[in-house]
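The values are calculated or read from the model by the stated rules, or taken from the named source; none is laboratory data. If you're wondering where the values come from, they're calculated on a predicted model, not measured in any experiment. Cβ: placed from backbone, ideal geometry, glycine included. Neighbour counts: every protein chain shown. Just the protein is used for accessible areas: all its heavy atoms, side chains included, with ligands, DNA and RNA removed. Shrake-Rupley method; radii C 1.70, N 1.55, O 1.52, S 1.80 Å.
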Amino acid sequence: MTNGTNEEEGIGLLTGTPPPEKKPAAPAAAPPAAVPAAPSAPAAPPKVDLTGLLSLKAADDTTREVTAGTVTTLSAVLTSRASEPAVANLVIEVGYTSTYPGEGAEWPVSWVPPGKRGSVELFPRKETHALTLAPNVGVPLSFEITAPVGVRYGDRVEVRLTASGPTSSGLPVRLTLACVARQAVLAIKTSRGYEREVADTLLARAEEKPDVVFAMLVPSSLRGYVFAEGMSFEGVREMLKGIRKARGLVEGETTLKEVEPLLAPKVTVEGFVEGAIVELISGPFKGEKARVKKIDQAKEEITVELIEAVVPIPVTVRGDHVRMLEKGGGKSGS
């Protein structure tokens, strides 16, 4: 009921027109996301004229003698004396020479380029690498060289290095590193008492292959060993097959310093004293026992008297014609 007036103003909501609905405000447009800028490439070092500013020097040897089957490393250092970083071109060339043209074996050569981790094998051709050089900071260049098993005496491998700047007008710097094959002294184990037999058989086989074994040494003071001068461990090992009383090749090279004492002749009268009892092992009185009467070290001779002779007759013999049986009291001669 109404009295002409609205008793409660809230009822007007039922009779009056509804108020227009409020639409939610549209969200504000988000600002466009910032696009990350593409990373800029590092600026390349400027092209610097390196004429007279490059240095290429060997770290140790420029030429090294090696034996077959060995691995060695030759190194060099490339340095720029420019006042700012610069790029240098390094040319590497590998070449082989042999005393037997057409027969020389290839020497494997590898290196690790600066800034790389793995080694790269170098073949007999030219390769060019661009290297960035900091001022007065040497860049090491190391080359691993393997002397092949079939190498011949005098065979040679060269790593030729040439460095220059991209705009250099002067002469480049050059350096050659080389390995040359040499012979080795190898020790051969034999049965005792058969050293000469093994050496003679090996030398007979060496006549058919003169590039494997050059010389033999059979030291009388060292039993059970023979020394061979040759190029290849494998070559000598192959020639030893089937030789009676040859027990094999001792691993590793024997140095000349170790062999030199065996080359020096010993005085044959060393160790003998006057009054010693000896046995004659050569000459007309071979097998006879005698007593030492006089020793001449200068002539390497010994004067003895035969023990079983009816009349004591002095006999002078070479020191290597007697064998010591008993040392008697006395003095050594001179």
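For segment 192-306, what ratio Rg/Rh do Cα atoms give with a Kirkwood hydrodynamic radius? Write out the running numbers ahead of the final one.
Values: Rg = 19.1 Å, Rh = 17.0 Å.
Across segment 192-306, the Cα-based Rg/Rh ratio is 1.12.
P(r) tail for segment 72-199, what percent of Cα pairs lie past 22 Å?
Result: 49 percent of Cα pairs exceed 22 Å.
Taking the Cα centre of segment 219-314 as origin, sum charge times position over the Cβ atoms of Lys and Arg (+1) and Asp and Glu (-1), and report the length of that vector in debye to the nearest 20.
Dipole size: approximately 360 debye.
Order Val311, Val180 by their accessible area, 1.4 angstrom probe, all chains in place, largest first.
On the way: Val311 95, Val180 30 Å².
Result of the area sort, largest leading: Val311, Val180.
Given the pairs Lys209/Lys245; Lys245/Lys327; Lys286/Lys327; Lys257/Lys293; Lys47/Lys126, which span a C-alpha to C-alpha distance of over 28 angstrom in this model?
Result: Lys245/Lys327; Lys257/Lys293 exceed 28 Å.
Among the trypsin sites (Lys or Arg not before Pro) within segment 134-211, which fall in a DSSP loop and have no more than 14 other Cβ atoms within 10 Å of their own Cβ?
Passing both the DSSP loop test and the Cβ count: Arg192.
Pick out, in residue order, every one of the trypsin sites (Lys or Arg not before Pro) in segment 257-316 that is DSSP loop and has at most 12 other C-beta atoms within 10 Å; say none if there are none.
Lys286, Lys299
Considering only DSSP states other than H, G, I, E and B, which GluC sites (Glu not before Pro) in segment 221-320 qualify as loop sites with at most 13 other Cβ atoms within 10 Å? Could you put the intermediate results ahead of the total?
Numbers: sites: Glu229, Glu234, Glu238, Glu251, Glu253, Glu258, Glu270, Glu274, Glu279, Glu288, Glu300, Glu301, Glu305, Glu308; in loops: Glu251, Glu253, Glu270, Glu274, Glu288, Glu300, Glu308.
Here the GluC sites (Glu not before Pro) that fit, given the DSSP loop and packing criteria, are Glu251, Glu270, Glu308.
Near Ala181, within a Cβ-to-Cβ distance under 9 Å, what is the net charge of the other residues, with Lys and Arg +1 and Asp and Glu -1? Could the numbers behind the result be given before it?
Working: positive: Arg152, Arg156, Arg182; negative: Glu65, Asp155.
Here the charged neighbours net out to +1.
Tell me the carbon and sulfur percent of the accessible area for segment 73-117, rounded to whole percent, probe radius 1.4 Å.
50
How much of the accessible area of segment 169-216, probe 1.4 Å, is carbon plus sulfur, in whole percent?
Of the solvent-accessible surface of segment 169-216, carbon and sulfur hold 48 percent.
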